[in-house]
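What follows is a set of notes on a single structure, which appears directly below.
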Amino acid sequence: MRNILIINGHQYYPFAKGQLNKTLFDEIVSNIEGSYKVQTTVIDDGYDVKEEQEKFKWADAIIMQTPLYWFSLPGATKTYFDLVYEYGVFFGGESEYGNGGLMTGKKFMISTTWNAPEYAFNDESKFFQGKTLDEALDHLHNMNKYVGMEPMKSFGAHDVIANPDVEKYVTELRQHLKEQFNV
């Protein structure tokens, strides 16, 4: 693995200006840059679909930093994937559903910010009914599995509105990147 594409999927809203996601995005870039070749995309800054497709082809791994709004991607980030993951570029028409991915050999890591507290995961009596973070992100893993990418362990910063702790998130993210990318 030599080439890493890092995407900031935050969408600006008056109630969510994106400072935390930018902080985590910048932290990912600064930790990865010394050991890998890096390209970046900030979705809210605009993008060219064909250029983004070339970045994915170039990358050995993709890291997406994004908030989770109502348990999914921000609308602009969902639109980004709808446009960039084009038939014939990211997937083809195989006879077996899900076997036509053209991005094989690539890895994908999701780094998320949630207002859901950490205790809501991994406990059957809590909201996510025992699901891990990666299980709660299964729909995003399936999106990338469909195009042939392999998942890496996801990262989550929790309770980001009710009880923000940026120092804790940055420390945990650095450790996560060390474990996943050996940086």
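Quick look at the numbers
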{"read-out": "Lysines with Cα under 18 Å of K153, excluding same-chain neighbours fewer than 8 positions away", "value": "K106, K107, K131, K145, K178"}
{"read-out": "Using θ = phi - 60° and Karplus 6.51 cos²θ - 1.76 cosθ + 1.60, couplings along segment 64-69 (whole Hz; Gly, Pro as x)", "value": "10, 9, 8, x, 10, 10"}
{"read-out": "Pairs of lysines in segment 1-104 (C-alpha under 21 Å apart; 8 or more residues apart or interchain)", "value": "10"}
{"read-out": "Amide H within-cut-off set for T40, under 5 Å, with H built and near neighbours excluded", "value": "I6"}
{"read-out": "Filtered chymotrypsin sites (Phe, Trp or Tyr not before Pro), segment 16-76: DSSP coil and at most 12 other beta carbons within 10 Å", "value": "W70, F71"}
{"read-out": "Sites matching GluC sites (Glu not before Pro) across segment 107-183 that sit in DSSP coil, with at most 16 neighbouring C-beta atoms within 10 Å", "value": "E124"}
{"read-out": "Neighbour count of at most 11 Cβ within 10 Å plus DSSP loop: longest trypsin sites (Lys or Arg not before Pro)-free window in the chain", "value": "18-183"}
{"read-out": "Dipole moment magnitude, nearest 20 debye, segment 3-181 about Cα centre, only Lys, Arg, Asp, Glu C-beta charged", "value": "160 debye"}
{"read-out": "Karplus-derived 3J(HN,Hα), 6.51/-1.76/1.60, for each residue of segment 158-167, Hz, glycine and proline x", "value": "10, 6, 6, 9, 5, 9, x, 9, 4, 4"}
{"read-out": "Nonlocal amide H pairs with K107, under 5 Å, H built at 1.01 Å", "value": "A61, I62, E150"}
{"read-out": "³J(HN,Hα), Karplus 6.51/-1.76/1.60, whole Hz, each residue of segment 26-40, x for Gly, Pro", "value": "4, 5, 4, 4, 5, 6, 7, 3, x, 10, 9, 7, 10, 10, 10"}
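Every read-out reported here was derived from the displayed coordinates using simple, explicitly stated rules and does not represent laboratory data. In this text the structure is predicted, and so the values were computed from the model without any measurement. Virtual Cβ from ideal backbone geometry, glycine too; neighbours counted across all protein chains shown.
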